[in-house]
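Report on one structure; see the data block that follows.
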Amino acid sequence: MSRITCGIARALILAAGVLAGACGGPAPDDGTTPEGETAGPPTPAQLAEAQYDAYMDQAGLAVTEGRTQDALDAYLAAADVYDKTDEVIVERAEAHYLAGDLAYQRMEKDLAIEQYQKAVDIYLRFTGNSKIKAAVALTNMGVIYKEKTLKDKARNCWEQALQLYKEAPHELQDAANMRKIEQNLRDLDSGF
């Protein structure tokens with residue numbers, strides 16, 4: 001059994017135990033928790049959250065140990081947990097974003113673009129800081145497209161990112177990132 005699979009199994013066992021009232025000692029025989037609530041099996045959402053958390057923990061450990069392929073696999077698995085549920089939550093976008101970062105570090109540019117795009121599609125369904133995270137992912141995609149000499153796609157990403165920054169509340173705007181994007185666009189215009 002792989003380390004990731006073992007981590008998932010441990011997380012599910014822990015989640016089931018916590019949800020069944022195991023943390024406060026044995027559950028009463030009458031089918032209620034010590035607080036008087038009926039205990040039951042974990043919901044699909046709770047199981048998905050436990051799986052996601054276990055994969056994210058595995059990814060974090062792999063990153064700290066320099067095992068980038070294992071980390072990438074774990075981030076992709078974490079994203080897949082919520083992709084299967086089709087749930088629109090920020091955690092799903094985060095897993096795709098982090099997978100995009102690692103894929104780019106590993107020079108897997110097409111996978112990086114794919115993961116960043118999935119993150120953007122989710123981030124844009126939210127407001128505030130999530131829109132800024134979408135702008136960062138779009139900026140990164142623009143860099144990759146430029147490296148692949150797909151300048152029109154790079155321009156499109158950077159223009160979208162800049163627009164998101166401009167639409168953001170002033171306290172969320174990042175002037176340095178906005179200047180960098182504007183410089184990237186000027187560089188494209190000058191043939192760089």
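At a glance:
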| quantity | calculated |
| --- | --- |
| Burial order of peptide ranges 69-75, 106-112 (average beta-carbon count within 10 Å, highest first) | 69-75, 106-112 |
| Alpha-carbon Debye profile of the range 46-192, log10 I(q)/I(0) at 0.10, 0.15, 0.17, 0.22 Å⁻¹ | -0.36, -0.77, -0.95, -1.27 |
| Neighbourhood charge, 15 Å Cβ-Cβ cut-off, centred on residue 174 and excluding it, Lys, Arg +1 and Asp, Glu -1 | +2 |
| Kirkwood Rh in Å, taken over the range 41-126 so that all alpha-carbon pairs contribute | 12.8 |
| Whole-number accessible area per residue in Å² for the range 101-142, which is evaluated in the context of all protein chains at 1.4 Å | 44 |
| The range 122-185 - Rg (one decimal) and Dmax (whole number), Cα, Å | 11.2, 34 |
| Under-13-angstrom lysine pairs by C-alpha in the range 42-192, whenever the two are 8 or more apart or on separate chains | 4 |
| The range 37-192, dipole about Cα centre (Lys/Arg Cβ +1, Asp/Glu Cβ -1), debye to the nearest 20 | 780 |
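The values are calculated or read from the model by the stated rules, or taken from the named source; none is laboratory data. From a predicted model like this one, the values you see are computed outputs, not experimental measurements. Neighbour counts run over all protein chains shown; Cβ positions are idealised from the backbone, glycine included. Accessible surface is based on the protein model in full, side chains and every heavy atom, while ligands, DNA and RNA are left aside. Shrake-Rupley method; radii C 1.70, N 1.55, O 1.52, S 1.80 Å.
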